[in-house]
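Undergrad: The structure's right below; bear with me while I get my questions together.
The values are calculated or read from the model by the stated rules, or taken from the named source; none is laboratory data. All figures in this text were calculated on a predicted structure; none of them were measured in a lab. All Cβ positions, glycine included, derive from the backbone under ideal geometry; neighbour counts span all protein chains shown.
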Amino acid sequence: MTSSAPTSRLTRQGADATTAGALLNIQDLRVRFELPDRTVYAANGVDLEVRSGEVFAIVGESGSGKSVSMLSVMGLVPTPPGVVTGSIRFQGQELMELNRAEMKKIRGSDIGMIFQDPMSSLNPVHPVGRQIAEALRIHRDVSRSEANQRAVDLLDRVGIPNAQGRVKDFPHEFSGGMRQRVMIAIALACSPKLLIADEPTTALDVTVQRQIVALVKELQADLGMAVVWITHDLGVVAEIADRVAVMYGGRIMETGESRDVYGHASHPYTSGLLRSIPRIDTPTRTLLPEIPGTPAPILEPLASCPFHSRCPMSAENCSELLPALEETAQTDHLSACLHLAEIGDVSQLWPIELADTADVRPDGDDVVVAVEGLKVHFPVHRGGRKRRKTVVRALDGIDMTVHRGMTM
Ligand code: SF4
């Protein structure tokens, strides 16, 4: 195992904190992309474990390293320009030592993956049933007719109505939510022990998102598989995950059981994320705290806390040392902060304030957006030769006012 980025004494302590016997155990995973004009450091010493039968969420903003870490598990980081180092053990087997052919046997068989945009993952020129059957025929010794029957069963299992009648339909004949269900059927074809779901609901509307989350949760319980759910949606994590890891700057900032991380966040970044979400019970005219600054630069090897330029607790040594995951007051709850012991109630770093009511002017001077009688109508031509012109009224007289400091 090689390592190019500097590590502090503390970094190894974090790596050693993982439990032996996990289904997936990642230690000191580093991924960099050596491009012609620059090197991008995407993962900077990731340590995590996923246990059999659990839902493990990885949450973080874009560029935090969550997807690239899981693509490394699947052996899907293009090398070159990617350079992947560290240890990835699945069921005790070191995946970093496998060649492409050996990795191909595991991918799609013992580890399945679903992606954000099912349309770009499905083959547009093959019926969906054939794509499910193909996954089975590659990895299992089954006849064509057995594989086809199993494709129907799987479509039915993931909630496609009239599965027998739709097995020969093409991807474009399904809605976005139904396409994601097809992707899940393909990923589950070989009954994997681990399903990696990379932001599978981001491209879907809220109602369909809920259906997909419920479906995966139900399948996970029925099949006893472990699920890694990658997301930036903290609401979904609270709903689905047994344990969670919060990533920032290509590192794990905090990890533990979901109820502990949500109820007793101990890292300034986690707390900032949780405090900045509007909640239904937040008083109206509340100013939510925002995390100042921009995401961590990823064009240099990481040598200090990646959050130091945005953290309200930042001290001199934060820009000099790389904190490792350390135990917090809760069992199995780790946080990577040099000043963990001093912070106390971390939520106090991100005060929620009421908007200055002196700014609320009864005469309406604090109005930021005012919409009155908004109409959007589309003329549509229907019929053959005798074309009829009708109008679709998408908006038909909308009034709306947004005041300063208001969440609508
Ligand atoms: Fe903030 Fe320093 Fe802790 Fe990083 S190590 S989270 S900068 S207090």
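Undergrad: Would you confirm whether any residue within region 214-231 is surrounded by fewer than 22 Cβ atoms within 10 Å (Cβ to Cβ), farther than 17 Å from Arg51 by Cα and under 15 Å from the mean Cα position of the chain (by Cα)?
TA: No, every residue in region 214-231 fails to be surrounded by fewer than 22 Cβ atoms within 10 Å (Cβ to Cβ), farther than 17 Å from Arg51 by Cα and under 15 Å from the mean Cα position of the chain (by Cα).
Undergrad: Here are some residues: Gly21, Gly63, Gly14. Which one is modelled with pLDDT under 90, under 19 Å from Asp242 (Cα atoms) and not acidic (Asp, Glu)? If you could, list the steps in order and put the result at the bottom.
TA: Details: Gly63 fails: under 19 Å from Asp242 (Cα atoms); Gly14 fails: under 19 Å from Asp242 (Cα atoms).
Result: Gly21 is the single residue among Gly21, Gly63, Gly14 that is modelled with pLDDT under 90, under 19 Å from Asp242 (Cα atoms) and not acidic (Asp, Glu).
Undergrad: Collect the residues in region 270-300 that are out of contact with any helix residue (DSSP H, G or I) (no Cβ under 8 Å at 6 or more places or on another chain), surrounded by 14 or more Cβ atoms within 10 Å (Cβ to Cβ) and part of a loop (DSSP other than H, G, I, E, B), keeping them in residue-number order.
TA: Ser276, Pro295, Ala296, Ile298
Undergrad: Also, I was wondering about something else. Among the residues of region 323-342, what is the count of those that are surrounded by 17 or more Cβ atoms within 10 Å (Cβ to Cβ) and either within 9 Å of the ligand (Cβ to nearest atom) or acidic (Asp, Glu) (or both)?
TA: 7
Undergrad: Could you run through region 40-85 and say how many residues are assigned to a loop (DSSP other than H, G, I, E, B) and either within 17 Å of the chain's Cα centre (by Cα) or farther than 30 Å from Ile277 by Cα (or both)?
TA: Residues meeting the conditions: 15.
Undergrad: So, in region 284-295, of the ones that are under 27 Å from Glu257 (Cα atoms) and within 22 Å of the chain's Cα centre (by Cα), which residue ends up nearest to the ligand (Cβ to nearest atom)?
TA: Once the filter is applied, the top-ranked residue is Ile291.
Undergrad: Being within 9 Å of the ligand (Cβ to nearest atom) and among the hydrophobic types (A, V, I, L, M, F, W, C) is the filter here, so list the residues in region 296-310 that pass it. Don't jump to the end; show me each part of the working.
TA: In the first step, residues of region 296-310 are kept if they are within 9 Å of the ligand (Cβ to nearest atom); the result is 304-310.
Those that are within 9 Å of the ligand (Cβ to nearest atom) and among the hydrophobic types (A, V, I, L, M, F, W, C): Cys305, Phe307.
Undergrad: For region 91-139, how many residues are crowded, with 20+ Cβ neighbours inside 10 Å, in a helix (DSSP H, G or I) and within 20 Å of the chain's Cα centre (by Cα)?
TA: The qualifying residues number 1.
Undergrad: Take region 246-269 and flag every residue that is over 30 Å from Pro301 (Cα atoms) and surrounded by 24 or more Cβ atoms within 10 Å (Cβ to Cβ).
TA: none
Undergrad: Taking the stated definitions as given, is Ala303 part of a loop (DSSP other than H, G, I, E, B), surrounded by 11 or more Cβ atoms within 10 Å (Cβ to Cβ) and in contact with a Lys or Arg (Cβ under 9 Å, 6 or more places away or on another chain)?
TA: For Ala303, the condition - part of a loop (DSSP other than H, G, I, E, B), surrounded by 11 or more Cβ atoms within 10 Å (Cβ to Cβ) and in contact with a Lys or Arg (Cβ under 9 Å, 6 or more places away or on another chain) - is not met.
Undergrad: Okay, moving on. Suppose we filter region 240-280 for residues that are within 13 Å of the ligand (Cβ to nearest atom), farther than 16 Å from Val346 by Cα and not basic (Lys, Arg); how many remain?
TA: Residues flagged as within 13 Å of the ligand (Cβ to nearest atom), farther than 16 Å from Val346 by Cα and not basic (Lys, Arg) within region 240-280 amount to 3.
Undergrad: Among the listed residues Val246, Val227, Val237, identify the single one that is part of a strand (DSSP E or B) and over 28 Å from Cys318 (Cα atoms).
TA: Val227
Undergrad: Next question, about the same structure. Restricting the first residue to region 261-278 and requiring it to be touching a residue at least 40 places away in the same chain (Cβ under 8 Å), which pairs with a second residue that is more than 15 Å from the ligand (Cβ to nearest atom) and acidic (Asp, Glu) meet a Cβ separation below 8 Å and a spacing of at least six or different chains?
TA: Here the result reads Ser276/Glu290, each pair linking region 261-278 to a residue that is more than 15 Å from the ligand (Cβ to nearest atom) and acidic (Asp, Glu).
Undergrad: Check Met183, Met225 and return the single one that is in contact with a Lys or Arg (Cβ under 9 Å, 6 or more places away or on another chain), in contact (Cβ under 8 Å) with a residue 60 or more places away in the chain and not β-branched (Val, Ile, Thr).
TA: Among Met183, Met225, only Met225 is in contact with a Lys or Arg (Cβ under 9 Å, 6 or more places away or on another chain), in contact (Cβ under 8 Å) with a residue 60 or more places away in the chain and not β-branched (Val, Ile, Thr).
Undergrad: Also, I was wondering about something else. Quick one: in region 311-322, which of the residues that are near the ligand (Cβ under 8 Å from one of its atoms) and part of a loop (DSSP other than H, G, I, E, B) is nearest to the chain's Cα centre (by Cα)?
TA: The extreme case among them is Cys311.
Undergrad: Could you list, in sequence order, all residues of region 238-266 that are over 29 Å from Phe33 (Cα atoms), touching a helix residue (DSSP H, G or I) at 6+ places or on another chain (Cβ under 8 Å) and not polar (S, T, N, Q)?
TA: Selection gives Ala238, Glu239, Ile240, Ala241, Asp242, Arg243, Val261, Tyr262, Ala265.
Undergrad: Determine, yes or no, whether Gly263 is at pLDDT 85 or above and under 20 Å from the mean Cα position of the chain (by Cα).
TA: No.
Undergrad: Could I ask something else about it? What is the residue count in region 291-308 for residues that are modelled with pLDDT of 90 or more and among the hydroxyl-bearing types (Ser, Thr, Tyr)?
TA: Residues in region 291-308 being modelled with pLDDT of 90 or more and among the hydroxyl-bearing types (Ser, Thr, Tyr): 1 in total.
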